[in-house]
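K.L.:
Handing you a structure now.
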Amino acid sequence: MTQIRASITGIHGYVPDYILTNAELEQMVATNDEWIVSRTGIKERHILKGEGLGSSHMGAEAVKGLLKKTNTAPEDIDLLICATTTPDFIFPCTANLICDMVGIRNVGSFDIQAACSGFVYALTMASQFIETGKYKKVIVVGADKMSSIVDYTDRKTCILFGDGAGAALLEADTEGNGIIDSIIRSDGSGYPYLNQKGGGSRYPPTHETVDQKMHYVFQDGAQVFKFAVKNMADIAAEIMEKNQLDGHSVDWLVPHQANRRIIEATANRMGVGMDKVMMNIDRYGNTTSATIPLCLWDFESKLKKGDNLVLAAFGGGFTWGALYLKWGY
Ligand code: UT7
């Protein structure tokens with residue numbers, strides 16, 4: 001029997017117009033361009049301005065562009081999954097809102113919360129529906145408005161994050177392309193190092209939680225860095241070994257964009273040259289669930305059908321994951 005695989009048949013991205021530069025951040029907190037660029041690789045990030053606009057706005061823009069460029073009608077979509085850590089609301093989920101905004105009706109849609117690994121998790125989930133033959137066309141969105149949970153008086157975090165969204169169309173492939181393998185992992189004991197404590201069921205929002213800034217992202221950067229370097233590199237190496245890949249047979253590493261130094265360590269461990277690493281952290285910063293689809297969108301014109309791509313991510317939770325796919329077009 002021919003194996004059905006879930007192949008990415010279209011990719012699109014969206015970043016808001018406003019660009020927050022390192023120079024502007026220098027006016028806001030005690031930081032400087034040299035520190036930010038040398039420690040992270042980030043030069044600027046896009047920020048969503050405008051009353052009443054959440055992650056769904058950016059996700060919907062990415063999906064609208066995706067439907068247009070792939071000539072797909074909203075009524076042909078069977079399912080939409082949105083990876084986000086900054087949903088518009090606690091409920092309803094952002095995927096429901098995106099569907100409504102783009103005219104995808106009467107199908108299932110739900111969010112996945114796996115912080116910076118969200119897109120790898122969501123692709124893994126989406127691929128199951130295609131591989132079983134249950135659905136023909138599934139959209140996976142990664143959308144985050146990180147500026148909504150960033151404390152712009154905290155220099156340790158405010159320089160890192162940006163806003164953006166990306167969306168991928170997944171369809172069945174029987175020619176050997178598509179998602180070949182994926183590994184997802186988590187370790188909730190990493191929670192103290194990277195979190196947003198306030199606003200959920202453990203610490204519902206009160207004056208006190210706001211006074212204590214619990215509605216903002218907290219990160220112990222040095223601790224997270226240690227775990228990220230090890231786990232992202234290990235899991236990328238593991239998926240390569242499992243699928244008999246080496247540094248030559250991998251055409252592209254598509255890493256989560258949290259820190260240029262973590263990306264370089266991962267590429268190094270994989271034996272992949274930096275010329276084969278997708279990187280756009282300098283322009284977008286860390287957009288959480290959106291980093292990987294934004295990379296695919298930026299590098300789309302360089303990709304060839306059958307290219308071997310390894311996606312790798314690490315994030316809050318802790319969560320991490322790697323995915324091996326052959327590019328579908
Ligand atoms: O995407 C989800 C997963 N997240 C990650 O993978 C992020 C992992 N962590 C990192 O990327 C890095 O830890 C950071 C970029 C966040 C920080 O870099 P670092 O080299 O680990 O710096 P640090 O936190 O150890 O701080 C070193 C020094 C400190 O000063 P002292 O205590 O040595 O005097 C900080 O106060 O740098 C200082 N510092 C800054 N200085 C200028 C921290 N932030 C800044 C800043 N500008 N923005």
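K.L.:
Quick check: convex hull over the Cα atoms of the range 98-142, volume per residue in Å³, rounded to an integer? Please list the in-between numbers first.
P.N.:
Values: hull volume 3.3 nm³, N = 45.
Taking the convex hull of the Cα positions in the range 98-142, it is 73 Å³ per residue.
K.L.:
Mean-square fluctuation check for the chain, GNM, Cα pairs under 10 Å: which of A168, A62, A23 is largest?
P.N.:
Of A168, A62, A23, the Gaussian network model singles out A23 as fluctuating most.
K.L.:
Here's a follow-up. Considering only P16, T157, V141, whose Cα is most displaced toward the positive end of the charge dipole of the range 5-176, charges sitting on Cβ of Lys, Arg (+1) and Asp, Glu (-1)?
P.N.:
It is V141, whose Cα lies furthest towards the positive end.
K.L.:
Report, in deg cm²/dmol and to the nearest 500, the calculated mean residue ellipticity at 222 nm for the chain, where each DSSP H run with n ≥ 4 adds -39500 (n - 2.57) and the sum is divided by the residue count. Don't jump to the answer; show the numbers that get you there.
P.N.:
Values: 11 runs with 107 residues, N = 329.
It comes out at -9500 deg cm²/dmol, rounded to the nearest 500.
K.L.:
Looking at the chain, do any whole DSSP H helices span at least 18 angstrom along their long axis by alpha carbon and average 0.5 or above on Kyte-Doolittle, and which?
P.N.:
Working: long enough: 55-69 (21 Å, -0.23); 118-131 (20 Å, 0.96); 221-242 (31 Å, 0.28).
Helices meeting the criterion: 118-131.
K.L.:
For the range 50-199, what is the convex hull (Cα atoms) projected area averaged across all directions, in square nanometres? Each step should come with its number before you reach the end.
P.N.:
Values: hull surface 41.9 nm².
Mean projected area of the Cα convex hull: 10.5 nm².
K.L.:
Further question on the same structure: Tell me the relative contact order for the range 96-210 as a rounded percent, counting alpha carbon contacts under 8 Å between residues six or more apart.
P.N.:
Numbers: 87 pairs, mean separation 22.3, N = 115.
This gives 19 percent for the range 96-210.
K.L.:
From the gyration tensor of the Cα coordinates in the chain, what semi-axes in whole Å does the equivalent ellipsoid have, largest first, with each one equal to sqrt(5λ)? The partial results should precede the final answer.
P.N.:
Numbers: eigenvalues 172, 114, 64 Å².
Equivalent ellipsoid of the chain: 29, 24, 18 Å, largest first.
K.L.:
Then there is this: Rank-order 190-200, 206-216, 260-270, 311-321 by packing density, defined as the average count of other C-beta atoms within 10 Å over each peptide's residues, highest first. Walk me through the numbers on the way to the answer.
P.N.:
Numbers: 190-200: 16.9, 206-216: 13.3, 260-270: 20.2, 311-321: 27.5.
The densest-packed peptide leads the list: 311-321, 260-270, 190-200, 206-216.
K.L.:
What is the diffusion coefficient of the range 180-326 in µm²/s, taking the Kirkwood radius over Cα pairs and the Stokes-Einstein relation at 20 °C with a viscosity of 1.002 mPa s? List each step's numbers first, then the result.
P.N.:
Values: Rh = 16.2 Å.
Reported coefficient: 132 µm²/s.
K.L.:
Could you please report the charge total around I180, scoring K, R as +1 and D, E as -1 over all other residues with beta-carbon less than 9 angstrom from its beta-carbon? Walk me through the numbers on the way to the answer.
P.N.:
On the way: positive: R5, K326; negative: D181.
Residues near I180 contribute +1 overall.
K.L.:
Relative contact order for the range 180-326: what percent, with Cα pairs under 8 Å and sequence separation of 6 or more?
P.N.:
Working: 239 pairs, mean separation 52.6, N = 147.
Once divided by the residue count of the range 180-326, the mean separation gives 36 percent.
K.L.:
Let me ask you something else. Before anything else, pin down the relative contact order of the range 5-176: Cα pairs under 8 Å, at least 6 apart, normalised by residue count, whole percent.
P.N.:
35 percent
Taken together, the values in this text are just the output of simple stated rules run on the coordinates, not laboratory data. Here the structure is a predicted model, which is why all the values come from computation and not from measurement. When we count neighbours, we look across all protein chains shown, and the Cβ atoms used for this are built from the backbone with ideal geometry, even at glycine.
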